[in-house]
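Working notes for the structure below.
The values are calculated or read from the model by the stated rules, or taken from the named source; none is laboratory data. All values reported here derive from a predicted model rather than from experimental measurement. Cβ: placed from backbone, ideal geometry, glycine included. Neighbour counts: every protein chain shown. SASA here: full protein model, heavy atoms, side chains in, ligands and nucleic acids out. Shrake-Rupley method; radii C 1.70, N 1.55, O 1.52, S 1.80 Å.
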Amino acid sequence: LLSNEFNRGSAYKNDLNAPFFGRTNGRNNFDPDSLKINRQKPHVLISNFQLFYEDVLEYSPGSVLKKHISQTDTIVLKYAQNIITFEFTALNMIHPEKNQYAYMMEGFDEKWNMVGTQREATYTNLSPGKYTFRVRASNNDGYWNKTGTSIFIRIKPPWYRSWWFYIIAVFTILGLVTLFFFIRTAQLRKQKDLLASKVKERTRELSYKNKQLKSQTED
(Lines give C-alpha, C1' and ligand atoms only; values in the text may rest on other atoms or scores of the structure.)
Protein backbone atom coordinates (compact mmCIF):
# COMPACT_ATOMS: atom_id res chain seq x y z
CA LEU A 1 0.00 0.00 0.00
CA LEU A 2 1.26 3.40 -0.93
CA SER A 3 -0.90 5.06 1.69
CA ASN A 4 -3.17 4.19 4.63
CA GLU A 5 -5.72 6.88 3.67
CA PHE A 6 -8.78 5.65 1.74
CA ASN A 7 -12.15 7.10 0.76
CA ARG A 8 -15.01 5.81 2.88
CA GLY A 9 -17.15 3.25 1.01
CA SER A 10 -14.97 3.42 -2.10
CA ALA A 11 -14.62 -0.30 -2.90
CA TYR A 12 -15.37 -2.47 -5.93
CA LYS A 13 -14.96 -6.13 -6.93
CA ASN A 14 -14.81 -7.09 -10.63
CA ASP A 15 -15.91 -10.31 -12.35
CA LEU A 16 -12.63 -12.00 -11.43
CA ASN A 17 -13.22 -11.24 -7.72
CA ALA A 18 -10.34 -8.80 -7.70
CA PRO A 19 -11.03 -6.02 -5.15
CA PHE A 20 -10.35 -2.33 -5.80
CA PHE A 21 -10.07 0.31 -3.08
CA GLY A 22 -10.21 4.01 -3.80
CA ARG A 23 -7.60 6.26 -2.19
CA THR A 24 -7.52 9.99 -1.99
CA ASN A 25 -5.06 10.09 -4.88
CA GLY A 26 -5.71 6.86 -6.77
CA ARG A 27 -6.65 3.24 -6.20
CA ASN A 28 -5.21 -0.05 -4.93
CA ASN A 29 -6.10 -3.47 -6.22
CA PHE A 30 -4.69 -6.98 -5.82
CA ASP A 31 -5.28 -10.59 -6.83
CA PRO A 32 -6.65 -12.62 -3.88
CA ASP A 33 -5.04 -15.75 -5.31
CA SER A 34 -1.66 -14.10 -4.86
CA LEU A 35 -2.07 -14.04 -1.07
CA LYS A 36 0.04 -16.81 0.44
CA ILE A 37 -0.07 -18.01 4.05
CA ASN A 38 3.36 -18.27 5.64
CA ARG A 39 3.43 -21.80 7.05
CA GLN A 40 7.18 -21.81 7.69
CA LYS A 41 7.78 -22.20 11.43
CA PRO A 42 10.56 -19.80 12.41
CA HIS A 43 13.83 -20.84 13.95
CA VAL A 44 14.26 -19.32 17.42
CA LEU A 45 17.50 -18.27 19.07
CA ILE A 46 18.61 -16.47 22.21
CA SER A 47 20.44 -13.42 20.93
CA ASN A 48 21.74 -11.73 24.10
CA PHE A 49 22.31 -12.31 27.81
CA GLN A 50 22.55 -9.64 30.51
CA LEU A 51 23.60 -9.54 34.15
CA PHE A 52 22.26 -6.58 36.11
CA TYR A 53 21.03 -5.13 32.78
CA GLU A 54 24.55 -5.14 31.31
CA ASP A 55 25.43 -7.21 28.23
CA VAL A 56 27.62 -10.23 28.97
CA LEU A 57 30.31 -10.80 26.34
CA GLU A 58 32.08 -14.11 25.98
CA TYR A 59 35.51 -12.52 25.66
CA SER A 60 35.25 -10.30 28.77
CA PRO A 61 37.52 -11.21 31.74
CA GLY A 62 35.71 -13.47 34.18
CA SER A 63 32.69 -13.80 31.88
CA VAL A 64 30.17 -16.56 32.62
CA LEU A 65 30.02 -17.18 28.85
CA LYS A 66 32.74 -19.11 27.07
CA LYS A 67 31.11 -18.57 23.67
CA HIS A 68 28.25 -16.51 22.25
CA ILE A 69 24.94 -16.95 24.04
CA SER A 70 23.30 -18.34 20.88
CA GLN A 71 25.82 -21.21 20.97
CA THR A 72 25.72 -21.73 24.75
CA ASP A 73 23.70 -24.54 26.28
CA THR A 74 24.62 -24.08 29.97
CA ILE A 75 25.22 -21.06 32.21
CA VAL A 76 26.60 -21.35 35.75
CA LEU A 77 25.95 -18.34 37.98
CA LYS A 78 26.91 -17.35 41.49
CA TYR A 79 24.27 -16.74 44.14
CA ALA A 80 24.79 -12.96 43.99
CA GLN A 81 24.29 -12.84 40.20
CA ASN A 82 20.53 -12.71 40.67
CA ILE A 83 19.27 -10.28 38.01
CA ILE A 84 19.39 -11.88 34.57
CA THR A 85 17.87 -10.95 31.22
CA PHE A 86 17.50 -12.97 28.03
CA GLU A 87 16.87 -11.42 24.64
CA PHE A 88 15.57 -13.63 21.86
CA THR A 89 14.39 -13.46 18.26
CA ALA A 90 12.59 -15.48 15.60
CA LEU A 91 14.30 -15.80 12.23
CA ASN A 92 11.29 -14.89 10.12
CA MET A 93 11.86 -11.97 7.77
CA ILE A 94 8.29 -11.76 6.43
CA HIS A 95 6.73 -9.00 8.50
CA PRO A 96 9.01 -9.77 11.48
CA GLU A 97 7.22 -7.10 13.50
CA LYS A 98 4.29 -9.55 13.72
CA ASN A 99 6.31 -12.40 15.22
CA GLN A 100 4.88 -13.55 18.56
CA TYR A 101 6.81 -14.95 21.54
CA ALA A 102 6.29 -17.06 24.64
CA TYR A 103 8.85 -18.00 27.30
CA MET A 104 9.05 -20.06 30.47
CA MET A 105 11.62 -20.66 33.22
CA GLU A 106 11.18 -24.30 34.17
CA GLY A 107 11.65 -24.67 37.90
CA PHE A 108 10.21 -21.19 38.52
CA ASP A 109 7.29 -20.42 36.17
CA GLU A 110 4.21 -22.60 36.39
CA LYS A 111 3.03 -21.78 32.85
CA TRP A 112 4.16 -20.12 29.63
CA ASN A 113 4.34 -16.33 29.52
CA MET A 114 2.62 -15.14 26.34
CA VAL A 115 4.30 -11.78 25.71
CA GLY A 116 3.25 -10.89 22.14
CA THR A 117 6.00 -9.10 20.27
CA GLN A 118 8.14 -8.53 23.37
CA ARG A 119 11.58 -10.03 22.81
CA GLU A 120 13.14 -10.16 26.26
CA ALA A 121 12.61 -11.75 29.67
CA THR A 122 14.04 -10.64 33.02
CA TYR A 123 14.25 -12.65 36.25
CA THR A 124 15.34 -11.40 39.66
CA ASN A 125 16.25 -13.18 42.91
CA LEU A 126 16.13 -16.73 41.60
CA SER A 127 16.90 -19.19 44.38
CA PRO A 128 19.96 -21.45 44.07
CA GLY A 129 19.12 -24.48 41.97
CA LYS A 130 18.72 -25.76 38.44
CA TYR A 131 16.48 -24.15 35.81
CA THR A 132 15.79 -24.38 32.10
CA PHE A 133 14.84 -21.24 30.19
CA ARG A 134 12.68 -21.99 27.14
CA VAL A 135 11.38 -19.68 24.43
CA ARG A 136 8.98 -20.25 21.53
CA ALA A 137 7.98 -18.05 18.60
CA SER A 138 5.43 -17.81 15.81
CA ASN A 139 5.70 -16.22 12.38
CA ASN A 140 3.57 -13.39 11.02
CA ASP A 141 0.69 -15.77 10.24
CA GLY A 142 0.62 -17.37 13.68
CA TYR A 143 2.46 -20.63 12.94
CA TRP A 144 4.37 -21.56 16.11
CA ASN A 145 7.68 -23.27 16.53
CA LYS A 146 6.67 -25.06 19.76
CA THR A 147 10.06 -26.72 20.13
CA GLY A 148 11.81 -23.36 20.21
CA THR A 149 15.15 -23.17 21.99
CA SER A 150 16.35 -23.55 25.55
CA ILE A 151 19.31 -23.02 27.84
CA PHE A 152 20.18 -24.73 31.14
CA ILE A 153 20.96 -22.52 34.14
CA ARG A 154 22.58 -23.55 37.42
CA ILE A 155 22.77 -21.06 40.27
CA LYS A 156 25.31 -21.94 42.92
CA PRO A 157 24.26 -21.60 46.56
CA PRO A 158 26.11 -19.24 48.93
CA TRP A 159 29.03 -20.80 50.79
CA TYR A 160 26.95 -21.32 53.92
CA ARG A 161 24.45 -23.42 51.95
CA SER A 162 26.92 -25.53 50.00
CA TRP A 163 27.35 -29.28 50.53
CA TRP A 164 30.95 -28.95 51.74
CA PHE A 165 29.86 -26.42 54.37
CA TYR A 166 27.22 -28.87 55.64
CA ILE A 167 29.84 -31.62 55.87
CA ILE A 168 32.23 -29.34 57.76
CA ALA A 169 29.39 -28.24 60.05
CA VAL A 170 28.42 -31.85 60.82
CA PHE A 171 32.01 -32.85 61.61
CA THR A 172 32.48 -29.70 63.68
CA ILE A 173 29.36 -30.46 65.74
CA LEU A 174 30.46 -34.07 66.21
CA GLY A 175 33.90 -32.85 67.24
CA LEU A 176 32.45 -30.40 69.75
CA VAL A 177 30.13 -33.07 71.17
CA THR A 178 33.06 -35.49 71.51
CA LEU A 179 35.24 -32.81 73.08
CA PHE A 180 32.46 -31.92 75.54
CA PHE A 181 32.08 -35.62 76.38
CA PHE A 182 35.79 -36.02 77.10
CA ILE A 183 35.99 -32.79 79.10
CA ARG A 184 32.91 -33.74 81.10
CA THR A 185 34.24 -37.25 81.68
CA ALA A 186 37.58 -35.83 82.83
CA GLN A 187 35.80 -33.46 85.22
CA LEU A 188 33.71 -36.27 86.68
CA ARG A 189 36.82 -38.46 87.06
CA LYS A 190 38.63 -35.62 88.79
CA GLN A 191 35.69 -35.02 91.12
CA LYS A 192 35.53 -38.76 91.84
CA ASP A 193 39.25 -38.91 92.64
CA LEU A 194 38.95 -35.81 94.83
CA LEU A 195 35.99 -37.32 96.69
CA ALA A 196 37.85 -40.61 97.11
CA SER A 197 40.85 -38.72 98.48
CA LYS A 198 38.70 -36.81 100.95
CA VAL A 199 36.96 -40.02 102.04
CA LYS A 200 40.33 -41.71 102.52
CA GLU A 201 41.65 -38.76 104.50
CA ARG A 202 38.50 -38.63 106.61
CA THR A 203 38.72 -42.35 107.23
CA ARG A 204 42.33 -41.97 108.34
CA GLU A 205 41.36 -39.17 110.73
CA LEU A 206 38.52 -41.25 112.18
CA SER A 207 40.86 -44.23 112.60
CA TYR A 208 43.38 -42.05 114.42
CA LYS A 209 40.69 -40.61 116.70
CA ASN A 210 39.36 -44.10 117.38
CA LYS A 211 42.82 -45.22 118.42
CA GLN A 212 43.16 -42.21 120.72
CA LEU A 213 39.73 -42.89 122.22
CA LYS A 214 40.57 -46.53 122.75
CA SER A 215 43.86 -45.64 124.40
CA GLN A 216 42.10 -43.13 126.67
CA THR A 217 39.47 -45.74 127.51
CA GLU A 218 42.12 -48.28 128.44
CA ASP A 219 43.96 -45.71 130.56
Calc'd 3J(HN,Hα), region 97-112, phi into Karplus 6.51 cos²θ - 1.76 cosθ + 1.60 (θ = phi - 60°), Hz, glycine/Pro = x, comes to 5, 9, 4, 10, 9, 8, 9, 7, 9, 5, x, 9, 7, 8, 8, 6
Farthest toward positive dipole pole in region 33-82 [+1 Lys/Arg, -1 Asp/Glu at C-beta], among Ser70, Val44, Gln81
Val44
Which residues among region 84-98 fall inside the zone where the amide N is under 17 Å from a point 7 Å beyond the Cα of Met114, along Cα→Cβ?
98
Treating only Lys and Arg (+1) and Asp and Glu (-1) as charged, each at its beta carbon, one finds that the chain has a dipole about its Cα centre, in Debye to the nearest 20, of 1520 debye
Potential lengthening between Asn125 and Ser10 on full extension [0.36 nm per residue; Cα-Cα distance subtracted]
35.7 nm
If I build a Gaussian network model for the chain, linking alpha-carbon pairs within less than 10 angstrom, which residue out of Gly116, Gly142, Gly62 has the largest mean-square fluctuation?
Gly62
Per DSSP, the loop-located trypsin sites (Lys or Arg not before Pro) within region 19-90 having at most 11 other beta carbons within 10 Å are Lys36, Arg39, Lys66, Lys67
Taking only protein heavy atoms into account and a 1.4 Å probe, give the accessible area per residue of the chain in Å².
75 Å²
Given only helices, namely DSSP H runs of n ≥ 4 each adding -39500 (n - 2.57), what is the per-residue ellipticity at 222 nm of the chain, to the nearest 500 deg cm²/dmol?
-9500 deg cm²/dmol
Connecting every pair of Cα atoms under 10 Å apart in the chain and solving the GNM, the largest mean-square fluctuation among Leu179, Leu126, Leu195 falls on Leu195
Students often forget the sequence filter, so: which aspartates and glutamates lie under 13 Å Cα-Cα from Lys66 once same-chain residues fewer than 8 apart are removed?
Glu58
Write out the trypsin sites (Lys or Arg not before Pro) in region 123-219 meeting two conditions: DSSP loop, and at most 10 other Cβ atoms within 10 Å of their Cβ.
none
Per residue, the convex hull enclosing the alpha carbons of region 55-170 has a volume in Å³ of 120 Å³
I'd like the chymotrypsin sites (Phe, Trp or Tyr not before Pro) in region 90-138 restricted to DSSP loop residues with at most 15 other Cβ atoms within 10 Å, sorted by number.
Phe108, Trp112
If the cut-off is 19 Å between C-alpha atoms, which lysines fall inside it for Lys192, apart from same-chain ones fewer than 8 positions away?
Lys200
Between Leu188 and Gln81, what FRET efficiency follows from the Cβ-Cβ distance if R0 is 45 Å, with the result rounded to 0.05?
0.25
Tell me the carbon and sulfur percent of the accessible area for the chain, rounded to whole percent, probe radius 1.4 Å.
55 percent
Cα pairs beyond 26 Å in the chain, in percent, come to 66 percent
Over 16 Å [Cα-Cα, region 55-117], rounded percent
61 percent
How far is helix 163-218 tilted off the main Cα axis of the chain, in degrees rounded to 10, range 0 to 90?
10 degrees
With each label point set 7 Å from Cα along the Cα-Cβ vector, what nm distance links Asn29 and Trp163?
7.5 nm
Could you work out the relative contact order of the chain? I mean the mean sequence separation of Cα pairs under 8 Å and 6+ apart, divided by the number of residues, in percent.
17 percent
For the charge dipole of region 113-219, defined by +1 on Lys and Arg C-beta atoms and -1 on Asp and Glu C-beta atoms about the Cα centroid, which residue among Gln216, Leu126, Trp163 has the Cα displaced farthest towards the positive pole?
Gln216
